Amino acid sequence: MVQNDRRALRLVHLYPDLLNLYGDRGNIITLLRRCQWRGIPLTVERVSLHDRFAFADADLVFMGGGSDREQTLLFQDFQQHKGPALVEAAEAGLPLLSVCGGYQLLGRYYRTHTGEEMPGLGFFDAWTEAGSTRLIGNVVAEAPLLGEGMGLVGFENHSGRTFLGDRGGIQPLAQVIAGQGNNGKDKGEGAVYKNAIGTYLHGPVLPKNPALADWLLARALERRYGDGSLTPLADRWEQSAHDAVARRFASR
Amino acid sequence: MLHSPRMLAGLWAGKTAIWLTRRIGHGGTSFPGGLGRRIAPGLLSALAAQLKQGAMVITGTNGKTTTSKMLAEMIAASKLTLTHNRAGANLVGGITAAFIESASVGGSIASDLGVIEVDEATIPQLVREVRPKGVVVTNFFRDQLDRFGELDKTVTLVESALAALPPQSVAILNADDPLVASIGRHYKGRIVYFGIDDRSYGSREMTQSAETRFCRLCGHPLVYDWFFFGQLGHYRCDHCGFARPQPKIHVSQIELKGEDGSAFTVHAPQGSWRVELSTPGFYNIYNALAATAAALRLDLPERSIQAGLQGYRTNFGRMERLELDGGRRAFLALIKNPTGCDEVLRTLTQNRGPKRLLVIINDNAADGRDISWLWDADFEALAPVLPELRSVATSGLRGEDMALRLTYAGVAADALTYEPDVSQAIAAALEMTGPDETLYILPTYTALLEAKTALSNLGHSPRYWEE
């Protein structure tokens, strides 16, 4: 199955020791394997507190979700050091996947129960308000970005309600068929802005959504090499795991 | 004795429900308790108050069932009688059901002691209803985050339950888990710590699935001299001074013997003794230590403690050996969260030789609806035994997710089979297993119950509520 493609890529895993709440590692494994099966060399760099990194050298960035406590630990480091450089690179088209806490940190602000506002980086024109209940459960959604009739499946577990503005043409990543999505109200799930994705489908969102994994890889290859073509993979279990969720939870 | 008619009505309804659910082939492990409580909300308190020498409560993420059963063996070896939710139903309904079963028709509990395994979310309520003599906290790992939200909340929940303990009670805490030991920092009552001093196993480097490397008290990085697994090890915080407490009950001279178990020396203020444990898995040494600490608190004689551990055989799906014919071997090992699963995989890969694997993943409420943890678990650790795997199959509600996980861990997609029906998957796997081969069945909690029923229908294992 290994093709002979030498277009190497560099993936940055941001705060892997702090933002690792729910199987976020599954996304890294998925990107690694899908590159390996195609003969694309992919290196993963773990960048955490106090590390210095030039995001201009990166091809792909992943930020997972974290608990409230651990997000507090990285807040300053992200605001002052990595965040602004990351935003600059993402504005210039760096592909990025941010999940749950990572998604919130890239928005304009997070407003807590007590009305306190924690500023985000404002990369996504989106804001989050703490909710009184957690939105938990399986999600089935439609994601036209990934192609005609393509779906997105996953699991959400968040108390924040995120709302999207319209600056720069930010769009929801998907429309929920089952589940709550960004805020439980407008059916939107996640966000797409330039080549950056934010989503509440936590942890291992990529394994069961290979089209999303390949969308990110294709954007990265296009940006670095001007050619985003990817050899198709068989995706047997990827597809059956995806379909099983869609079948079980979307029919209700 | 129960004198109130309402209490008796609750008791009898529960007893009838236990009888009925068993007649129709279920374990009857929690529904009867829930029913009894609906009729008489004070039932558990009234029954538990009759225990002559009180109750010991065991909580934490991993090792609750094993620690409880080891303690139960020690108590049995002391010729004391016991009420114990031994089928592992550890929510308030299941615990009440165990007491209902243990009570006479008139509502008397004749047991000397109670051993109660309890879910972390249930412990605040349990401590109010059963005022225990002690609480053992084994460890904290991510498990069922769809119920708890975040691990920090689970830790805080247990911490608040400890604060409500009666003054004569004691907290028995794992010194090696900084998340557990941190709750001892503000606890006002008596604490007994247990831990492993021997550094012949483990490593200087942190493994994949540690929950934190930051101090829970001040947020600064913890410095580790040694890791055993996950975040368990010898640690300190150079910022606030929090450090692994020196354990009063500790272990040295560990010798691991693969699937045959382990040997080690336990040190306590009462003396030191050598233990031979037939239950495999490094983590079971922690369980044996926790049970020993609880037994010492209950003033059990050293002889009974030793006899209890010596006589302990893994059961109820904790690396449980199944009786098969023709020299074939099979093990049933519960997996339900990353660290527990990693430890099972570590034991499995210690055995070299032809093997087969069946992983059964459900996402019912008792398993956790969220199966993200499959990606935190280190199935990549199977790499050295991949050439020895003669077949790999998955089953259960999330069997296709499991097949996908194994594909990304290096099992060829074409080499995998998925059979949705658990009993058919087990029958097929047993059928396939030849002489000199070992079959490993790895189920989640509700899948374990299904597997047990399927195995007993095939004539391989006792019904779980009879164990």
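FYI, it's all coordinate maths here, none of it is from the lab. None of the values given here were measured: they were computed from a predicted structure. Cβ placement follows ideal geometry from the backbone for every residue including glycine, while neighbour counts extend to all protein chains displayed.
Given an 8 Å cut-off on Cα distances and at least 6 residues of separation, report the relative contact order of region B:1-73 as a percent.
Dividing the mean separation by the residue count of region B:1-73 yields 27 percent.
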Worksheet item: Based on the Cβ-Cβ distance from A:D68 to B:L20, what FRET efficiency comes out when R0 is 35 Å, to the nearest 0.05?
Response: 0.20
Worksheet entry | Antiparallel %, DSSP beta bridges [both residues in region B:314-467], to 5 | 15
Worksheet item: Please state the relative contact order of chain B as a whole percent: Cα pairs under 8 Å, 6+ residues apart?
Response: 13
Practice prompt. From other protein chains only, count the Cβ atoms within 10 Å of every residue's Cβ in B:393-402, then give the mean.
Written response: 3
Worksheet item: In what sequence, highest mean first, do B:177-190, B:388-401, B:58-71 appear when ranked by Cβ atoms within 10 angstrom?
Response: B:58-71, B:388-401, B:177-190
Item to complete: Please sort A:149-158, B:285-294 by packing, taking for each peptide the average over its residues of neighbouring beta carbons within 10 angstrom, highest first.
Response: B:285-294, A:149-158
Worksheet item: Suppose R0 equals 35 Å; then what is the FRET efficiency for A:T231 and B:D436 from their Cβ-Cβ distance, rounded to the nearest 0.05?
Response: 0.25
Item to complete: For each cysteine in the protein assembly as shown, check whether another cysteine's C-beta sits under 4.7 Å from its C-beta; list those where none does.
Response: A:C35, A:C100, B:C341
Worksheet item: Full extension from B:D414 to B:A365: what is 0.36 nm times the residue separation minus their Cα-Cα distance, to one decimal in nm?
Response: 14.5 nm
Discussion item. Testing the spin-label approximation: label points 7 Å from Cα along Cα→Cβ at B:S456 and B:L80. State their distance in nm.
Written reply: 2.9
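What does the charge dipole of region B:5-311 about its Cα centre add up to, to the nearest 20 debye, if the Cβ of each Lys and Arg holds +1 and the Cβ of each Asp and Glu holds -1? All intermediate terms of the calculation are to be shown ahead of the outcome.
On the way: 31 positive and 26 negative charges, 211 e Å.
Once rounded to the nearest 20, the dipole reads 1020 debye.
In debye, nearest 20, what is the charge dipole magnitude of the protein assembly as shown about its Cα centre with +1 on Lys and Arg Cβ and -1 on Asp and Glu Cβ, if you could check?
Value, rounded to 20: 1620 debye.
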Worksheet entry | Protection-proxy order for peptides B:12-18, A:198-204, each taking the mean of Cβ atoms within 10 Å per residue, highest first | A:198-204, B:12-18
Worksheet item: Given a Förster distance of 30 angstrom, what is the FRET efficiency for A:R52 paired with A:T114, based on the Cβ-Cβ distance and rounded to 0.05?
Response: 0.30
Discussion item. Can you give the log10 of the normalised intensity I(q)/I(0) at q = 0.16 Å⁻¹, computed with Debye over equal Cα scatterers of region A:134-191?
Written reply: -0.45
Discussion item. Report the rotationally averaged projected area of the protein assembly as shown based on its alpha-carbon convex hull, in square nanometres.
Written reply: 30.8
Worksheet item: What does the average come to when, for each residue of peptide A:228-239, you count the partner chain Cβ atoms lying within 10 Å of its Cβ?
Response: 3
Worksheet entry | Considering only the protein assembly as shown, percent of DSSP beta bridges that pair antiparallel, nearest 5 | 45
Response to the item:
At q = 0.06, 0.10 1/Å the base-10 log of I(q)/I(0) from the Debye formula over the alpha-carbon atoms of chain B is -0.25, -0.73
Worksheet entry | Partner chain coverage, peptide B:414-427 - average Cβ within 10 angstrom | 1
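Quick check on chain B: helices-only [θ] at 222 nm, where DSSP H runs of length 4 and up contribute -39,500 (n - 2.57) each and the sum goes over total residues. Nearest 500, please. Don't jump to the answer; show the numbers that get you there.
On the way: 16 runs with 166 residues, N = 467.
Helices in chain B give a 222 nm mean residue ellipticity of -10500 deg cm²/dmol.
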Worksheet item: With labels modelled as points extended 7 Å from the Cα through the Cβ direction, what inter-label distance (nm, one decimal) is found for B:Q53 paired with A:A130?
Response: 4.7
Worksheet item: So what is the relative contact order for region A:153-217, in percent, with contacts set as C-alpha pairs under 8 Å and at least six apart?
Response: 33
Worksheet item: Looking only at Cα atoms, what is the convex hull volume of region B:282-430 per residue, in Å³?
Response: 136
Worksheet item: Rounded to a whole number of µm²/s, how large is the Stokes-Einstein D of region A:70-229 at 37 °C and 0.692 mPa s, given Rh as the Kirkwood radius over C-alpha pairs?
Response: 206
Practice prompt. Considering only DSSP beta bridges where both residues belong to chain B, give the percentage that are antiparallel (nearest 5).
Written response: 35
Worksheet entry | Top positive-direction residue, dipole computed over the protein assembly as shown with Cβ charges, set B:F194, B:L162, A:Q180 | B:L162
